[in-house]
Amino acid sequence: MCGTCGCGEGEMAINGHRHATEAVAGHTHAPGTSQARMVQIEKDIFAKNDGYAARNRRHFAAEQVLALNLVSSPGAGKTTLLTQTIVGMQASRPIAVIEGDQQTSRDAERIRATGAPTVQINTGKGCHLDAHMVGHALDRLTLTHGGLLFIENVGNLVCPAAFDLGEAHKVVILSVTEGEDKPLKYPDMFHAADLMILNKIDLLPHVNFDVEQCIAYARQVHPGIEVLPLSATRSDGMTVWYAWLDRAARARHESSEKPPVDKSARRQPTDRLSSEA
C-alpha cells in the first residue's frame with residue numbers, strides 16, 4: 001500500500017494554502033512494525049477515511065450534486081476531457097472541479113480558463129486524494145444545487161482505487177496509447193470504477209491496441225463496468241459521454257430521498273490487507 005509508494009506525512013496545499021495532513025493521507029510504517037500491526041493501521045486509516053467520505057456524501061446528497069472521481073494514469077487525458085466536458089455542458093448544468101496533483105496548479109489553471117469554479121489540491125508526496133482533503137476543498141468551493149462536481153485525482157492507478165471520496169462513481173480513463181492489458185495489471189481500480197472511458201481513439205490507426213480485448217479484460221475484472229470509447233481532443237463520442245452524465249445526474253436526483261450508498265464496500269477485490277489478515 002502507500003507505505004512503499006511515496007505517501008508520507010507532511011503538508012497538502014489547497015489553492016496555495018498549506019494544511020497539515022492527517023494520518024488518512026500520511027501513513028508510512030516504522031521499520032520493525034509487525035504484520036498484524038500494519039494490517040490494523042491500514043484498517044484504521046480506511047475507517048477514518050470512510051467517515052470523512054460519508055460526511056462528503058451527505059453534503060453532496062443535500063445539494064443533489066453528482067460527484068465523480070476521475071482516475072487514470074498520468075497523461076491519459078483527464079484534464080483535456082474535463083475542459084471539453086465543461087465547454088460542452090456548462091450551458092445546461094453548473095459544473096465545479098476539485099483538481100488534484102502532487103505539485104503545480106497548471107491543470108487547475110486550464111480548467112479555470114473555462115469559467116468553472118476550481119479548487120486545487122496539491123498533495124506533496126501523497127499519491128492520491130483522500131476524503132479529508134476533499135472536505136477541506138469543499139470548504140472553499142460553493143456547489144450549485146443540482147450541479148456536477150468533477151474530482152480529478154492524482155495520476156495513479158493504484159492507491160486512488162482504495163480511497164472513497166464520497167463520490168457517486170469512480171470513472172477510470174484509459175488511453176489507447178497505454179496498452180489493452182491495463183485492467184489486468186491494475187484490477188483494483190477497474191473493479192472500483194463504474195465507467196471506463198477509452199480515450200484517444202483518434203490515435204487507433206497509429207497504435208497497436210485491441211479495443212475489444214481491452215473491454216474483455218475490463219469486464220473480466222468487473223463484469224458490470226460500462227465502457228465509452230471517445231476522443232476528447234477530436235470530440236468523437238463526447239455526446240454519448242454527456243448523455244451518460246445526464247442519466248447519472250437524474251439518478252442522483254431520483255435517489256436524493258434514499259440513504260447515501262457506502263462505496264467502501266467496493267474496495268479492492270485483491271486487497272493486500274484482506275489477504276494478509
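Here are the numbers:
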quantity: Candidates D107, D139, D50, D101 - the one that is farther than 22 Å from W244 by Cα and without any contact (Cβ under 8 Å) to a residue 12 or more places away in the chain; calculated: D139
quantity: Hey, K125 among the charged types (D, E, K, R), in contact with a Lys or Arg (Cβ under 9 Å, 6 or more places away or on another chain) and either crowded, with 20+ Cβ neighbours inside 10 Å or farther than 21 Å from G77 by Cα (or both) or not; calculated: no
quantity: Matching residues, the stretch 216-241, being out of contact with any Pro (no Cβ under 9 Å at 6 or more places or on another chain) and either surrounded by 16 or more Cβ atoms within 10 Å (Cβ to Cβ) or part of a loop (DSSP other than H, G, I, E, B) (or both); calculated: P223, G224, L228, P229, L230, S231, A232, T233, R234, S235, M238, W241
quantity: Any hit, the stretch 105-116, residues being buried (at least 17 other Cβ atoms within 10 Å of the Cβ) and in a strand (DSSP E or B); calculated: no
quantity: Residue ID - farthest from A193 (Cα to Cα), chosen from residues in the stretch 124-150 that are at pLDDT 95 or above and touching a Gly at 6+ places or on another chain (Cβ under 7 Å); calculated: V134
quantity: L195, sole failed condition from (1) of a type in the set (A, V, I, L, M, F, W, C); (2) closer than 24 Å to N49 by Cα; (3) in contact (Cβ under 8 Å) with a residue 60 or more places away in the chain; calculated: (3)
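The values are calculated or read from the model by the stated rules, or taken from the named source; none is laboratory data. Just so it is clear, the model here is predicted, and its values are computed rather than measured. Because the Cβ atoms are built from the backbone with ideal geometry, glycine has one as well, and the counts that use them run over all protein chains shown.
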